[in-house]
Amino acid sequence: MGTKLDILNTIDEPGQLQTLSLPQLEELAGEIRERLIATVSLNGGHLASNLGVVELTLALHRVFHSPNDKIVWDVGHQSYPHKLITGRRDKFTSLRQYGGLSGYTSPEESCHDAFGAGHASTSISAATGMALARDLSGESYHVVAIIGDGALGGGMAFEALNHAGHLGTRLTVVLNDNGMAISPSVGALAKRLSRVRASPGYRRAKRDAWIVVRRLPLGARIWALGERLKNFILGLMAPTTFWREMGFEYLGPIPGHDLAQLERALLWARERGRGPVLVHVLTQKGEGYPPAEEDAVAYHGVPPKESKDSTPSYSSVFGQTVCQLLQDNPKAVAISAAMLDGTGLALAKEHYPDRVFDVGICEQHAVTMAAGLASQGFTPIVAVYSTFLQRAYDQIIHDVCIQNLPVTFAIDRAGIVGDDGKTHQGTFDISYLCAVPNMIVAAPKDEDELRHLLYTALRCGQPMAVRYPRGGGLGVPLSPSLNELPIGKGEVLREGRNLTLIALGNSVHPALEAAQMLEKQGVSARVINARFAKPLDRDLILQAAEETSRLVTVEENTLSGGFGSQVAHLLATAQSQARLLTLALPDDFIEHGPQTLLRSLYGIDASGIAHQALASFPEIAQASSLRA
């Protein structure tokens, strides 16, 4: 049987799995789980979802031959076992660390990662494209998409299923059904799948269907030749008709932690030789680790061991504020796209179950549903991560802003999110929202100002986005009452005569610290909390430009089209002679790493702001030294 971790340490590429016996594979599954728990406990990451796909991963790599065969993981957050057996075992301790392995699939990282993904519901579309490329090129490799029941509820997955079934090309879709997305899966499809999970089993239905047909005249011949009749009878006896109507041959449900049964099912799908197949696999999220089995939501994403922030998070303050808003305003409602816990809305859902809606992984639907509510006199709050709001951009423009409907967008995880990397960094929302007419874009300097901006958004009567960062707040006291703030008005937090630092959102506090650093070098820096990226406080900014003649904007967003770009346009149209330095993120996708490290690398922390201000305006430091 080997010693602890002995088998895993011999697997350098997935082809080596072919030499292992079933008992050895089962031992390997246990070793993989030990490595997952040890690494994720230190580095943070997705735990429960990866524990649930260990056997499925092994079976996939036993039956299909990557990288020639294409294995496409939906989202990619459950690809850790896949990474361990595809040549990245020795680097696994660098998971989600700066310069280390990504927490998602990445073709740049390995040829075994057929497609990069950090957002849900993409795998079937990508796999369909790969299957078409194979057919057009005259090749014969297999293509497999693994998608969870939560991701299957996304509209893009349905679009892909519809097209793949229409094309009839050879494709295998593995439905990893654990009844969960991050939170429990919602929707009519999820309820249908739960009935399949609870039913005695499709294979029993198939056996019973054979008993029925066998008793008919010429029954055996009909069973052998009558595919249509067979499917009809199976559809009557098991809730699988949906997949057949979509053009997929259905196999399942298969116990997802039984290696032998998984291999047989996948071999059947591989050898079928024609048309798309859906293999329905039942797994337990958190399998093999009792704490994760008992609370898969809490163990979906585990924070790094050293990250212990004692201050309330922006998400939790948002959740508490929503409860207060819903209490005070009977027309207020809140909407989440499978992120009740992540956005802090779980608390509001407990208190107001009829006015808080989880629509599943369906951001487009969430936004347009909010528009429908707003059109009938309600004031909806759409709580969504910045990176996921990108998926509903057309709905923001077409369904909300053209009609100028009062929808509040509470944009969590705005700016640098850190360890989840380039697929999750919220570094574009200022740019893509400021471009849309009728949209107001704001960012609080701290968690108390977040409360007031949310209150303001619900009262402003038009679309308004409030963006705020991942993680803990500053620990400022929270006002018991909510106050409406004037739209498009900032505030001076510190006076100064040599230059002005104009900061937005969570860049305000570093700007204040930078001003203190500059003061020690004899430089007097004014600090403005802009509050609004759109509309800008035109009067306040132009006054600062005239009085200090040097401006520095600071934001946690890409430079192109961001807050600094808005200020540059204002200065140009006003024909101001003030000099401007814009500090923002580069025109690039930001890799994974700790938030503090990334802010330092890109020069938007306190020391970076002070250093770049002095480098851009050296005369102010020289003047101060002469005065001294």
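Summed over the range 93-117, residues that are of a type in the set (A, V, I, L, M, F, W, C), more than 18 Å from residue 16 (Cβ to Cβ) and part of a loop (DSSP other than H, G, I, E, B) total 4.
Results for (1) in contact with a helix residue (DSSP H, G or I) (Cβ under 6 Å, 6 or more places away or on another chain); (2) at pLDDT 95 or above; (3) more than 27 Å from residue 516 (Cα to Cα), shown as yes or no for each residue.
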residue: 408; (1), (2), (3): yes, yes, yes
residue: 411; (1), (2), (3): yes, yes, yes
residue: 421; (1), (2), (3): no, no, yes
residue: 430; (1), (2), (3): yes, yes, yes
residue: 443; (1), (2), (3): yes, yes, no
residue: 495; (1), (2), (3): no, yes, no
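Residues that are in contact (Cβ under 8 Å) with a residue 12 or more places away in the chain and not basic (Lys, Arg) within the range 589-599 comprise 589, 590, 591, 592, 593, 594, 595, 597, 598, listed in sequence order. Taken over the range 442-480, the criterion of being basic (Lys, Arg), assigned to a helix (DSSP H, G or I) and surrounded by 20 or more Cβ atoms within 10 Å (Cβ to Cβ) is satisfied by 451 alone.
Within the range 133-145, being surrounded by 16 or more Cβ atoms within 10 Å (Cβ to Cβ) and more than 17 Å from residue 75 (Cα to Cα) holds for 134, 141, 142.
Among the residues of the range 247-269, what is the count of those that are surrounded by fewer than 17 Cβ atoms within 10 Å (Cβ to Cβ) and in contact (Cβ under 8 Å) with a residue 40 or more places away in the chain? Selection size over the range 247-269: 3. The single condition among (1) crowded, with 23+ Cβ neighbours inside 10 Å; (2) touching a Gly at 6+ places or on another chain (Cβ under 8 Å); (3) modelled with pLDDT of 85 or more that residue 148 does not satisfy is (2).
Can you tell me which residues in the range 407-440 are closer than 13 Å to residue 506 by Cβ and either among the acidic types (Asp, Glu) or assigned to a strand (DSSP E or B) (or both)? Within the range 407-440, 411, 412, 415, 426 qualify. Within the range 574-609, the residues that satisfy the criterion of being closer than 26 Å to residue 45 by Cα and acidic (Asp, Glu) are 588, 591, 605. Scanning the range 517-531 for residues that are farther than 20 Å from residue 565 by Cα and touching a residue at least 40 places away in the same chain (Cβ under 8 Å), we see that the one that is surrounded by the fewest Cβ atoms within 10 Å (Cβ to Cβ) is 521.
Given the structure, is residue 513 within 24 Å of residue 618 (Cα to Cα), in contact with a Ser or Thr (Cβ under 7 Å, 6 or more places away or on another chain), acidic (Asp, Glu) and not in a loop (DSSP other than H, G, I, E, B)? Here the answer is no, as residue 513 does not meet what is asked. Counting only residues that are closer than 20 Å to residue 119 by Cα and either outside the structural domain of residue 451 (by TED's automatic domain parsing) or crowded, with 21+ Cβ neighbours inside 10 Å (or both), how many does the range 324-343 have? Matching residues across the range 324-343 total 8.
Among the residues of the range 42-63, those that are in a helix (DSSP H, G or I) and either touching a strand residue (DSSP E or B) at 6+ places or on another chain (Cβ under 7 Å) or of a type in the set (A, V, I, L, M) (or both) comprise 42, 48, 51, 54, 56, 58, 59, 60, 63. For the range 441-451, the criterion of being within 22 Å of the chain's Cα centre (by Cα) and farther than 17 Å from residue 504 by Cα is met by no residue. Can residue 564 be described as touching a residue at least 12 places away in the same chain (Cβ under 8 Å) and on the phi > 0 side of the Ramachandran plot? No, not satisfied. Taken residue by residue, the range 93-100 has at least one member that is buried (at least 19 other Cβ atoms within 10 Å of the Cβ), within 21 Å of the chain's Cα centre (by Cα), in the same structural domain as residue 263 (by TED's automatic domain parsing) and closer than 23 Å to residue 284 by Cβ. Filtering the range 64-92 to residues that are farther than 24 Å from residue 139 by Cβ, more than 14 Å from the chain's Cα centre (by Cα) and not in a helix (DSSP H, G or I) leaves 79, 85, 88. Criterion applied to 129, 148 was being closer than 21 Å to residue 175 by Cβ and either of a type in the set (A, V, I, L, M) or in contact (Cβ under 8 Å) with a residue 12 or more places away in the chain (or both), and the one residue passing it is 148.
Just one of the numbered conditions (1) at pLDDT below 95; (2) in contact with a helix residue (DSSP H, G or I) (Cβ under 7 Å, 6 or more places away or on another chain); (3) buried (at least 22 other Cβ atoms within 10 Å of the Cβ) is not true of residue 321: (1). Among residues belonging to the range 318-343 that are in contact (Cβ under 8 Å) with a residue 40 or more places away in the chain and small (Gly, Ala, Ser), point out the one that is nearest to residue 469 (Cα to Cα). Residue satisfying both the conditions and the ranking: 342.
Residues are listed down the side, and each one gets a yes or a no for (1) under 15 Å from residue 553 (Cβ atoms); (2) of a type outside the set (Asp, Glu); (3) not in a helix (DSSP H, G or I):
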| residue | (1), (2), (3) |
| --- | --- |
| 482 | no, yes, yes |
| 489 | no, yes, yes |
| 497 | no, yes, yes |
| 502 | yes, yes, yes |
| 507 | yes, yes, no |
| 518 | no, yes, no |
| 521 | no, yes, yes |
| 527 | yes, yes, yes |
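Residues that are surrounded by fewer than 18 Cβ atoms within 10 Å (Cβ to Cβ), within 30 Å of residue 131 (Cα to Cα), of a type in the set (Ser, Thr, Tyr) and modelled with pLDDT of 90 or more: does the range 55-69 have at least one? No - not one qualifying residue is present in the range 55-69. Filtering the range 526-563 to residues that are within 17 Å of residue 604 (Cα to Cα), among the β-branched types (Val, Ile, Thr) and modelled with pLDDT of 95 or more leaves 527, 528, 552, 553, 554. Wholly within the range 541-627, which helices (runs of 4 or more DSSP H) include no fewer than the required count, namely at least 2 residues that are surrounded by fewer than 21 Cβ atoms within 10 Å (Cβ to Cβ) and within 27 Å of the chain's Cα centre (by Cα)? Here the list reads 595-601. Screening residue 483 against (1) in contact with a His (Cβ under 7 Å, 6 or more places away or on another chain); (2) surrounded by fewer than 21 Cβ atoms within 10 Å (Cβ to Cβ); (3) touching a residue at least 40 places away in the same chain (Cβ under 8 Å) leaves a single unmet condition, (3). Kindly indicate whether residue 511 is among the small types (Gly, Ala, Ser) and either buried (at least 24 other Cβ atoms within 10 Å of the Cβ) or within 20 Å of residue 489 (Cα to Cα) (or both). Yes: the conditions hold for residue 511.
The values are calculated or read from the model by the stated rules, or taken from the named source; none is laboratory data. Everything numeric here is computed off the predicted structure, so don't read it as measured data. Methodologically, a virtual Cβ is constructed for each residue, glycine included, from the backbone with ideal geometry; neighbour enumeration extends over all protein chains shown.
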